[in-house]
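Peer 1: One structure is given below, represented as structure tokens, and several questions about it will come after.
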Amino acid sequence: MKKIVVLTGAGMSAESGISTFRDSNGLWENHDVMEVASPEGWRKNPALVLDFYNKRRAQLKEVKPNKGHEILAELEQNFNVQIITQNVDNLHEKAGSSNILHLHGELVKVRGEFSESESIFWETDIHIGDVNENAEQLRPDIVWFGEQVPAIDFAIPHMQTADVVIIIGTSLQVYPAAGLMHYAKSHVPVYYIDPNPATIYDLSNPLEVLPMSASEGMEILKEKL
């Protein structure tokens, strides 16, 4: 089976009602992203950060995968599909995709404040005073701005072995994720689906840009594939 590697960003989940911050002056649900998505923000006001992610986690119970998520899951009938997502929601899982690598962590995982390799499944609110077995305050297992992205080391080999690359709903502004496509072999076709696609420079691969939503783009791409 041919291997399809899919890189998804915030635009993948936008149709499902999960807001992005790239479209709204750097604000994420009316918060400065550095207040709620940085180690500095955490040190300054951990209660605010926990409340912010508790609301995002609760939202997961209300949102559903969109047609784009569903088509990616359907492709597994004919292809070996590996999803690499920058998203912290669980919509790929809900849609039925099997192989998902979360580059920036997951809303339904937590870890101790100083235990970077820890990952505990957690679907309810986190409160000040909730600790791990080392008595460390629990925090979202999310990669914040300024933190390392350890999952990138697992993502690169997938991109190097891809037969087809699909990029969906990302502005290609956040590194190291934005550089992943450059690890694909030069003959491998790259499809880029985004309503406001970024200009891609220095890519030797055959590139087709579909300037539309995730669902619209995947409907077209499903027929092509």
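The values are calculated or read from the model by the stated rules, or taken from the named source; none is laboratory data. On a predicted model such as this, the values are computed, not experimentally measured, just so you know. Methodologically, a virtual Cβ is constructed for each residue, glycine included, from the backbone with ideal geometry; neighbour enumeration extends over all protein chains shown. Calculation scope for accessible area: heavy atoms of the full protein, side chains included, ligands and nucleic acids excluded. Shrake-Rupley method; radii C 1.70, N 1.55, O 1.52, S 1.80 Å.
Peer 1: Top mean-square fluctuation among Gly112, Gly169, Gly129, Gaussian network model of the chain, C-alpha springs under 10 Å?
Peer 2: The residue with the greatest mean-square fluctuation here is Gly129.
Peer 1: How would you rank 115-124, 80-89, 192-201, highest first, on the average number of other Cβ atoms within 10 Å across their residues?
Peer 2: 80-89, 192-201, 115-124
Peer 1: Could you tell me, in Å, what Rg and Dmax come out for the Cα atoms of the chain?
Peer 2: Looking at the chain, its Cα Rg and Dmax stand at 17.5, 53 Å.
Peer 1: Would you work out which of Ala135, Ala95, Val149 lies farthest towards the positive end of the dipole of the chain? Charges go on Cβ: Lys and Arg +1, Asp and Glu -1.
Peer 2: Checked the options; the winner is Ala95.
Peer 1: Return the whole-Å distance between the Cα centroid of the stretch 72-109 and the Cα centroid of the stretch 112-148.
Peer 2: If you average the Cα positions of each part, the centres end up 22 Å apart.
Peer 1: With charges only on Cβ, +1 for K and R and -1 for D and E, what is the dipole size of the stretch 1-150 about its Cα centre, in debye, rounded to 20?
Peer 2: Values: 15 positive and 24 negative charges, 88 e Å.
Dipole about the Cα centre, nearest 20: 420 debye.
Peer 1: Would you check the chain for Lys pairs whose C-alpha atoms are within less than 23 Å, ignoring same-chain pairs closer than 8 in sequence, and give me the count?
Peer 2: Lysine pairs meeting the criterion: 26.
Peer 1: While we're here: Distance in nm between label sites at Phe145 and Phe121, each 7 Å beyond Cα in the beta-carbon direction?
Peer 2: That separation, rounded to one decimal, is 3.3 nm.
Peer 1: Name the residues whose placed amide hydrogens come within less than 5 Å of the amide hydrogen of Asn99, ignoring near sequence neighbours (fewer than 5 apart) on the same chain.
Peer 2: Ile83
Peer 1: With runs of 4+ DSSP H residues as the only contributors, calculate the mean residue ellipticity of the chain at 222 nm using -39,500 (n - 2.57) per run, divided by the residue total and rounded to the nearest 500.
Peer 2: Details: 8 runs with 62 residues, N = 225.
That calculation yields -7500 deg cm²/dmol at 222 nm.
Peer 1: Counting only protein heavy atoms, what percent of the accessible surface of the chain is carbon or sulfur at a 1.4 Å probe? It would help to have the intermediate numbers written out before the result.
Peer 2: Values: 5440 of 10890 Å².
Roughly 50 percent, rounded to a whole number.
Peer 1: Determine the relative contact order of the chain: mean sequence separation of Cα pairs under 8 Å and six or more apart, normalised by residue count, in whole percent. Walk me through the intermediate numbers first.
Peer 2: Values: 419 pairs, mean separation 53.4, N = 225.
Dividing the mean separation by the residue count of the chain yields 24 percent.
Peer 1: Follow-up. At 1.4 Å probe radius, can you tell me the per residue accessible area of the stretch 89-199 in Å²?
Peer 2: Numbers: 5300 Å² over 111 residues.
It amounts to 48 Å² per residue over the stretch 89-199.
Peer 1: Measuring from label point to label point, each 7 Å out along Cα→Cβ, what is the Ala58 to Asn99 span in nm?
Peer 2: So the two model labels end up 3.8 nm from each other.
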